[in-house]
1. Can you list residue pairs whose Cβ atoms sit under 7 Å apart, with the first residue in region 167-191 being surrounded by fewer than 16 Cβ atoms within 10 Å (Cβ to Cβ) and the second being small (Gly, Ala, Ser) and not in a helix (DSSP H, G or I)? Count only pairs 6 or more apart in sequence or on different chains.
2. Being modelled with pLDDT of 95 or more, under 13 Å from the mean Cα position of the chain (by Cα) and either of a type in the set (Gly, Ala, Ser) or not assigned by TED's automatic domain parsing to the domain that holds ARG98 (or both) is the filter here; which residues of region 6-35 pass it?
3. Considering GLU164, GLU123, which residue is at pLDDT below 95, among the acidic types (Asp, Glu) and surrounded by 13 or more Cβ atoms within 10 Å (Cβ to Cβ)?
4. Residue under question is THR73, and the condition is that it be farther than 28 Å from SER274 by Cα and of a type in the set (Val, Ile, Thr); does it hold?
5. Report whether or not VAL318 is over 30 Å from ARG43 (Cβ atoms) and surrounded by 18 or more Cβ atoms within 10 Å (Cβ to Cβ).
6. Please note which strands (runs of 3 or more DSSP E) are completely contained in region 243-323 and include at least 1 residues that are farther than 29 Å from LYS177 by Cβ.
7. (1) closer than 14 Å to ALA94 by Cβ; (2) in contact with a Ser or Thr (Cβ under 6 Å, 6 or more places away or on another chain); (3) β-branched (Val, Ile, Thr): which one isn't true of ILE234, the others all being true?
8. Report yes if PRO149 is under 29 Å from GLY270 (Cβ atoms) and surrounded by fewer than 17 Cβ atoms within 10 Å (Cβ to Cβ), otherwise no.
Amino acid sequence: MLEGVILAGGRGERFWPLSRRRRPKQLLALIGEESLLAATWRRMRARLEPAAIRVVAGEDLQAPITAELPELTPGGFIGEPVGRNTAPAIAVAAALGRRGGRDPLQLVVPADHWIPDPAAFWESVHIAEQVAAAADRPLVTFGVPITRPETGYGYIERGAPRAEGPGAYGVARFHEKPQREQAQAYRDAGGYYWNSGIFLWRASAILEELERHLPALSRLVTPLTSTPDPGTLIGEIFAAAPSESIDWGVLEHSARVAVVEAGFEWSDLGSWPSWGERMAPDGDGNVARGAVVSRDTQGCLLYAEQGLIATLGVRDLVVVRTGDATLVIDRERCQDIRQIIAALRELEGGETHL
């Protein structure tokens, strides 16, 4: 039995001003005509029935998510009263999976990644399912082959190959986001992957590792497996849980993790430049969407949700215009957009733009 868990709690701050608190990145149609969340749901539905898919997100996003996913069952939404990162979200989903004595395989995917080929995705999942059946490495992550010295991703160093299928390995260790020189060294060495943040495991396996490495969180979620009213308890769990990622809290400390090489094209769409990489540029290297007029402009990303953007004599900028805000930033500084978010939070009236 396989279940899907879609993590949709992110706020997509690096896509400000298009991404907002009430309409975060996963609800945007950044590529194509459907939102990233809807594309993720469609990819999961290639194999899973709606009743086998749960979506974890902030309580304040329940209405827009339900509108975006009309097939989502009433019990399929897990509301977070407060964001606590991925470990509590995954722990709650795993405990709910164990209700009634069940023990499903759970495929955990972020809601805001770009994967254009569902068939190739499910081929890799099939290999991961075989690995997850092994007692020694029941926790499986998906590693993306490195194509550039990326400093915005965590890295996975693979260990010995496994017999379950091509591209399956034990995990030697995880590495945090590196400086550029170290990222280049990982690429040159071979045997390293980007950490995609996509996982597959049996619910009981991840709960066992939570008990070993995050015992306080494990104690919080254990009653979910049997309580007659899980809804009330879920809110209490998120309120009391520590904010912790599943990578840092569990996987980096566990000796039971395997990696399957992703045989599918992937991007986390983590910034405006990563969006630009997926779009077709013009002859001057510009990517434009919406009402844009550009002259003597090179290497710019220009996104007009409302109104007109006009550029002349500029290069390597990102310009994004919405109804109430305009962003102009050096293309190489897009990882620093959170400085603007922080400034808006301190500015009187700035919260209205978040």
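The values are calculated or read from the model by the stated rules, or taken from the named source; none is laboratory data. These numbers were taken from a predicted model, which means no experiment stands behind them. Using ideal geometry, Cβ is built from the backbone for each residue, glycine included, and neighbour counts are taken over all protein chains shown.
1. Going by the 7 Å Cβ cut-off, the qualifying pairs are ALA172/GLY159; GLU176/GLY154; LYS177/GLY152; LYS177/GLY154.
2. Within region 6-35, ALA8 is the sole residue that qualifies.
3. The unique qualifying residue is GLU164.
4. Considered against the rule, which asks whether it is farther than 28 Å from SER274 by Cα and of a type in the set (Val, Ile, Thr), THR73 comes out as yes.
5. For VAL318, the condition - over 30 Å from ARG43 (Cβ atoms) and surrounded by 18 or more Cβ atoms within 10 Å (Cβ to Cβ) - is not met.
6. Once the strands (runs of 3 or more DSSP E) in region 243-323 are filtered for at least 1 residues that are farther than 29 Å from LYS177 by Cβ, what remains is 287-298, 301-315, 317-321.
7. Result: ILE234 fails condition (2) only.
8. Spelling it out, PRO149 is indeed under 29 Å from GLY270 (Cβ atoms) and surrounded by fewer than 17 Cβ atoms within 10 Å (Cβ to Cβ).
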